[in-house]
Amino acid sequence: MDSRLLTLLNQRAKLSAAIGQWKLASGSHVYAPDREEHLLRTLEGKNAGPMPHGALRSIYREILSTSRACQRPLQVACVGRELSNAWVATRRRFGSSDNYQSLSSLTQVINGISHRKLDVGVVDRATLIGLVWEKPALAKKFAVCGDITLSPRAGRNGNGARDVYFLLSHSPVPPTDYSKTVVALECTASFGSVKEWQAAFSVLRRSLLHVEQIKWGKGNSKSRWLVELKGHWTAEDLARKLEPVKMIRRWLIVGSYPEVPHYA
């Protein structure tokens, strides 16, 4: 059985190398999060066990990493030193055949993406939103193509904020059946709880995946929220949906990309 697996993996590697030549000729990107997530969800649909879906994804993380390396090693950078949370998040998503860099600033990552020296950048969400919130023109230099969530940091009461990092790439991700859109909102009023926020923004209830209060940049952190919505939203779609809501001071679409299961 292991010999058969080895033969099939090498056949897959040969096909990946051939696909790499086509990508190089057509100018396509090595990293395609929408196609990778489609593959993984298709395999999960066929997975009868006993292997858990999370283990299946771990195995395919290395298979996909090796396949990419047969085309061209993926150039991945994160803002943070080795063994930092950002580094751990990066290694959790990508495999051992990808090339990693540790950079000291978000500006370095954005410049690397915009000049095509990097394929993917991994950055803390609050840092990214804070920078784009103050300098919206920078958003034209990259696209948010995914996110990575580490386990919540436990507080005294057993709860903790999610440790989330955004993936930056050269171009937006095409819409898929499992796309989600992340939006940063600043409200004119402060809300004491998520339930209060949900009641005030009931127009989004059917689309709402997750909402939490986070702090970015300067300003009143109690009036700033990060919202995850089902689907691939455009600015026009969101504007029409939020038009009846009078308590929005400002909003920003961070990105639309495939939703990855929590066990990934």
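The values are calculated or read from the model by the stated rules, or taken from the named source; none is laboratory data. Keep in mind the model is a prediction, meaning the values are calculated, not measured. Note that we place each Cβ from the backbone using ideal geometry, even for glycine, and neighbour counts take in every protein chain shown.
Below is a table of values for the structure above.
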quantity: Test for I248: is it of a type in the set (V, I, T) and over 19 Å from C145 (Cβ atoms); calculated: yes
quantity: Residue in segment 186-216 that is nearest to T234 (Cα to Cα), counting only those that are among the acidic types (D, E) and touching a Phe, Trp or Tyr at 6+ places or on another chain (Cβ under 9 Å); calculated: E186
quantity: Of the criteria (1) surrounded by fewer than 20 Cβ atoms within 10 Å (Cβ to Cβ); (2) part of a helix (DSSP H, G or I); (3) not assigned by TED's automatic domain parsing to the domain that holds R91, which one H210 fails; calculated: (2)
quantity: Residue selected from segment 22-45 under the condition without any contact (Cβ under 8 Å) to a residue 12 or more places away in the chain and either loosely packed, with under 15 Cβ neighbours inside 10 Å or of a type outside the set (G, A, S) (or both), by the criterion farthest from V144 (Cα to Cα); calculated: G45
quantity: Test: residue in segment 169-184 that is modelled with pLDDT of 90 or more, farther than 30 Å from R116 by Cα and either in a helix (DSSP H, G or I) or touching a strand residue (DSSP E or B) at 6+ places or on another chain (Cβ under 7 Å) (or both); calculated: no
quantity: Qualifying residue in segment 233-246 (condition: hydroxyl-bearing (S, T, Y), closer than 18 Å to A139 by Cβ, out of contact with any helix residue (DSSP H, G or I) (no Cβ under 6 Å at 6 or more places or on another chain) and in contact (Cβ under 8 Å) with a residue 40 or more places away in the chain); calculated: no
quantity: Top-ranked residue of segment 224-248 - restricted to ones that are touching a Ser or Thr at 6+ places or on another chain (Cβ under 7 Å) and at pLDDT 90 or above, ranked as surrounded by the most Cβ atoms within 10 Å (Cβ to Cβ); calculated: L229
quantity: 2 or more residues more than 21 Å from V183 (Cα to Cα) and not assigned by TED's automatic domain parsing to the domain that holds V183: qualifying strands (runs of 3 or more DSSP E) within segment 47-161; calculated: 75-79, 99-103
quantity: Residue within segment 68-78 that is among the small types (G, A, S) and either modelled with pLDDT under 90 or within 19 Å of L118 (Cβ to Cβ) (or both) present; calculated: yes
quantity: Subset of segment 46-67 (residues that are over 21 Å from I148 (Cα atoms) and either of a type in the set (A, V, I, L, M) or modelled with pLDDT under 95 (or both)); calculated: A48, G49, M51, S67
quantity: Matching residues, segment 78-117, being surrounded by fewer than 13 Cβ atoms within 10 Å (Cβ to Cβ) and among the acidic types (D, E); calculated: E82
